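Undergrad: The following block contains the structure, expressed as structure tokens.
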């Protein structure tokens with residue numbers, strides 16, 4: 001984005017006035033605002049002010065359009081430099097596997113990346129996949145000044161556990177890592193819980209409807225199964 005002023009005689013073309021140039025999504029836009037009056041009835045001072053105002057208006061217009069499109073790109077698609085299997089469909093949050101200050105053991109996490117500094121939200125015994133996602137998205141919203149309605153939409157788009165499964169495969173097969181399947185344990189915890197509740201509800205023929213009772217039944221059934229084995 002640039003606005004330039006050329007004095008009379010400065011350019012060989014004879015143009016003098018303002019030039020506004022902008023590049024938006026790779027496309028170049030430019031407009032010229034000449035100080036050559038269309039007729040002598042308009043004073044030079046008035047024409048100067050008019051053309052200067054128009055030039056500044058178009059500069060502001062290009063800047064606003066560029067900012068709006070950058071925002072839409074930010075919340076609507078992965079950054080071009082996002083590594084394979086890390087993206088979540090928008091910029092500022094990526095998937096990861098590893099350990100850190102908040103996680104002694106290797107586990108899966110969401111990373112909110114702001115100016116080279118990453119804040120990680122681990123998926124472990126303290127935070128499920130959906131809970132870690134909620135924490136990450138809310139932090140992302142604050143860090144990048146995201147509109148509340150866009151934060152609300154992203155909160156509903158919890159990544160699938162299979163995305164971490166694909167990331168583990170990518171890291172092990174192509175990036176020299178050796179993560180065991182156990183790193184995915186907590187990622188699939190909610191899915192396992194739902195399956196157990198569904199099985200418990202089916203076993204009890206729907207007599208137990210409360211989540212807590214179904215969870216208790218599923219837990220007891222699992223403990224009995226483990227004891228028998």
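Undergrad: How many residues are over 30 Å from residue 77 (Cβ atoms) and within 37 Å of the chain's Cα centre (by Cα) when one looks only at region 4-31?
TA: 2
Undergrad: Related question: If you scan region 22-34, which residues turn out to be assigned to a strand (DSSP E or B) and free of Cβ contacts under 8 Å to residues at least 40 places away in the same chain?
TA: Within region 22-34, 23, 27, 28, 29, 30, 31, 32, 33, 34 qualify.
Undergrad: Test of understanding: among 37, 41, 61, 65, which residue is out of contact with any strand residue (DSSP E or B) (no Cβ under 8 Å at 6 or more places or on another chain), within 30 Å of residue 77 (Cβ to Cβ) and not in a strand (DSSP E or B)?
TA: 61
Undergrad: Name the residues in region 20-64 that are at pLDDT 95 or above, in contact with a helix residue (DSSP H, G or I) (Cβ under 9 Å, 6 or more places away or on another chain) and surrounded by fewer than 10 Cβ atoms within 10 Å (Cβ to Cβ), would you?
TA: none
The values are calculated or read from the model by the stated rules, or taken from the named source; none is laboratory data. As the structure is a prediction and not an experimental result, all values here were calculated from the model. Positions of Cβ are backbone-derived with ideal geometry, glycine not excepted, and every protein chain shown enters the neighbour counts.
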